[in-house]
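All remarks here apply to the structure that follows.
The values are calculated or read from the model by the stated rules, or taken from the named source; none is laboratory data. Bear in mind the structure is a predicted one, so any value in this text is a computation, not a measurement. For neighbour counting, all protein chains shown are included, and Cβ atoms are generated from backbone atoms with ideal geometry for every residue, glycine included. Ligands, DNA and RNA are stripped out before the accessible areas are found, and what is left, the full protein with its side chains, is counted by its heavy atoms. Shrake-Rupley method; radii C 1.70, N 1.55, O 1.52, S 1.80 Å.
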Amino acid sequence: MSRYLRKIWHRDREMSFITDEKDSGFADMRAATLLTKEPETIKWLDTLNPNDVFWDVGACLGTYTIYAAIMAECKVYGFEPSANNFFRLQQNVFLNEVEDLVSVYPIAIGTKLKYDSLLYNQPYVIGSSGNDVKSSIYARKPNRHRGGCVVDSINNLVNRGLEYPTYLKIDVDGTEPDVINGALKVLPNLKSILIELYSTKKNDLKLVKKIESRGFYLDEELFNISAERHDKTERWSGMRNYIFWSNNAV
């Protein structure tokens, strides 16, 4: 299957992730830093319980998908449009034998069902991020390899039978408003949202206000952990994991 498996032990539970030399280090890095790369995300995921339904939008190789299934034993839906990353995501689901809990789909999430293009950042590298749906704000980047991409909305997916999420994680590149606008009917069912945005971009701050206007409040403690972590590096300064809780959550 692969040259190497990275095994992670946490609270007496084992998680395994596939990696090998041709991954250019991305796959191994994502597995090795699962518990440390985004401490606020781990703290957030640790509030899941077996009755929750976690949707991982932009699941990449499935590190957080697998973590939620194994640690919380809850139902998980993962969405990843990159063909390279989806291949490894599905393998990791099989490897950890969590098919009864995890369902993954090779699609992007947006405002409606449509057929779009995906612009690949590093088309031959498994685990690469920055793969942008053509209609995103990053579509102007030149010289990008392009592949086909199916997009659907959260509203449509639950109407077609997928379980309503209680926790929603959004880690995409430039289509965050589309994800939220395509989930407006679902937002009242959510307990919590984690969304990666920039505190320095006006459109991202508008989206924060929109989420808050729908009955959510920001988790200041987890936000500050994310802010301190990102601002230590020049490249990611201003980026934040905004974690919201529903005012109606029990």
Karplus-derived 3J(HN,Hα) from phi for the stretch 29-37 (6.51 cos²θ - 1.76 cosθ + 1.60, θ = phi - 60°), whole Hz, x at Gly and Pro, runs 4, 5, 6, 5, 9, 3, 8, 10, 5
Based on DSSP H runs of at least 4 residues, each adding -39500 (n - 2.57), what is the mean residue ellipticity at 222 nm of the chain after dividing by all its residues, to the nearest 500 deg cm²/dmol? -7500 deg cm²/dmol
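Rounded to the nearest 0.05, what FRET efficiency do Leu5 and Lys209 give with R0 = 41 Å and r taken as the Cβ-Cβ distance? Could you check? Before the final figure, lay out each step's value.
Working: r = 44 Å, r/R0 = 1.07.
The pair Leu5/Lys209 has a calculated efficiency of 0.40.
Once neighbouring chains are kept in place and the probe is 1.4 Å, which whole percent of the accessible area of the chain is contributed by carbon and sulfur? Before the final figure, lay out each step's value.
Numbers: 5870 of 12050 Å².
On the chain, the fraction of accessible area on carbon and sulfur atoms equals 49 percent.
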Taking only protein heavy atoms and a 1.4 Å probe, the highest-to-lowest accessible-area order of Trp9, Trp236 is Trp9, Trp236
For the chain: rounded, prolate or oblate by the Cα gyration tensor [a/c cutoff 1.5]: rounded
Going by accessible area, probe 1.4 Å, with all protein chains left in place, what is the ranking of His145, His10, largest first? His145, His10
Collect residues whose amide H, placed 1.01 Å from N in the peptide plane, falls under 5 Å from the amide H of Gly127; neighbours closer than 5 in sequence don't count. Asn85
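May I ask you to order 162-171, 122-131 by the average number of other C-beta atoms within 10 Å around their residues, highest value first?
Order by mean packing, descending: 162-171, 122-131.
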Once phi is turned into ³J(HN,Hα) by the Karplus curve 6.51 cos²θ - 1.76 cosθ + 1.60 with θ = phi - 60°, what whole-Hz value does each residue of the stretch 198-210 show in order, with x for glycine and proline? 9, 6, 9, 10, 4, 5, 5, 5, 5, 5, 4, 5, 5
Could you pull out every residue, at least 5 positions away or on a different chain, whose amide H is within less than 5 Å of the one on Gly78? Hs are placed 1.01 Å off N in the peptide plane, and Pro or chain starts have none. Asp56, Ser103, Val104, Tyr105
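When only Cα pairs under 8 Å and 6 or more residues apart are kept, what is the percent relative contact order across the chain?
On the way: 502 pairs, mean separation 40.0, N = 250.
Worked out over the chain, it gives 16 percent.
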Looking at the chain, send over the antiparallel percent of its DSSP beta bridges, to the nearest 5. 60 percent
Between the stretch 192-226 and the stretch 156-191, how far is it from one alpha carbon centroid to the other, in angstrom? 15 Å
Which ³J(HN,Hα) values in Hz, rounded to whole numbers, follow from the phi angles of the stretch 173-180 under the Karplus curve 6.51 cos²θ - 1.76 cosθ + 1.60, where θ = phi - 60° and Gly and Pro get x? 10, x, 10, 4, x, 5, 4, 5
Mind listing the long-range amide H neighbours of Gly238? Cut-off is under 5 Å, sequence gap 5 or more, other chains count too, H placed in the peptide plane at 1.01 Å from N. Asp231
